[in-house]
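A short write-up of the structure that comes next.
The values are calculated or read from the model by the stated rules, or taken from the named source; none is laboratory data. Computed from a prediction, not measured in an experiment: that's the story for all the values here. So basically every Cβ, Gly included, is an ideal-geometry build from the backbone, and we count neighbours across all protein chains shown.
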Amino acid sequence: MSGLKVTKVLTTAALLSALAILLGLFKVPITESVEIRFTMIPIGVAGALLGPGIGGVVGAIADIGGYLVHPTGPFMPLFTLTNVLSGMLYGFILKKNPDSWVRLIVANTLRALLIGIVLNSMIISFLYGSAFVNVLTNVVRVIQQLLTIPVYTLLMKALIPAVLRLYDTQGVAVQGSAEDK
């Protein structure tokens, strides 16, 4: 995380955090109870381009900032942890080749399955005293998470090269850029 001492990296992390908070205010309803939110896109981009440590920091800031801007229930630090883990997961998987289709699909699939379904189900089960198996097998939640895989993959595939081009024009190396290879 020593990258946070570099002004352009810090600025990019701050902008991606702010974008994640802003995108958290919007949702695309699929059905009455299924919706897709876009907070994870800037978190994934931060992890992919700035590394797992900074991706985790952006995830934490996005969750805490999103709660402060628009709380939708009680604050639960375990959900902050899921955002941190998501940013780190993207950083570990995408750092070598951030705009690879295969890596984007793998990263988004692992995030949806391990964090979106399993870990979040554990937290919800803990929060509301529901049986873990009942929360885990909630079809609506599973469908919601599975829908995020192609949506997040396509949006990140479009956004990551744009941010990489911005960095290349500024002369700053980012993980996965030509200067790192």
Only one of GLY65, GLY55, GLY73 that is among the small types (Gly, Ala, Ser), crowded, with 23+ Cβ neighbours inside 10 Å and either under 19 Å from ILE123 (Cα atoms) or within 16 Å of the chain's Cα centre (by Cα) (or both): GLY55
Filtered residue count, the stretch 7-39, keeping only those that are part of a helix (DSSP H, G or I), in contact (Cβ under 8 Å) with a residue 24 or more places away in the chain and in contact with a helix residue (DSSP H, G or I) (Cβ under 6 Å, 6 or more places away or on another chain): 6
Selection status of LEU113, closer than 27 Å to GLY51 by Cβ and surrounded by 13 or more Cβ atoms within 10 Å (Cβ to Cβ): yes
Qualifying residue in the stretch 156-174 (condition: within 23 Å of ILE30 (Cβ to Cβ), basic (Lys, Arg), modelled with pLDDT under 90 and surrounded by 14 or more Cβ atoms within 10 Å (Cβ to Cβ)): no
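Quick check on this structure: which one of SER121, SER130, SER86, SER125 is among the polar types (S, T, N, Q) and outside any helix (DSSP H, G or I)?
On the way: SER121 fails: outside any helix (DSSP H, G or I); SER86 fails: outside any helix (DSSP H, G or I); SER125 fails: outside any helix (DSSP H, G or I).
Unique residue meeting the criteria: SER130.
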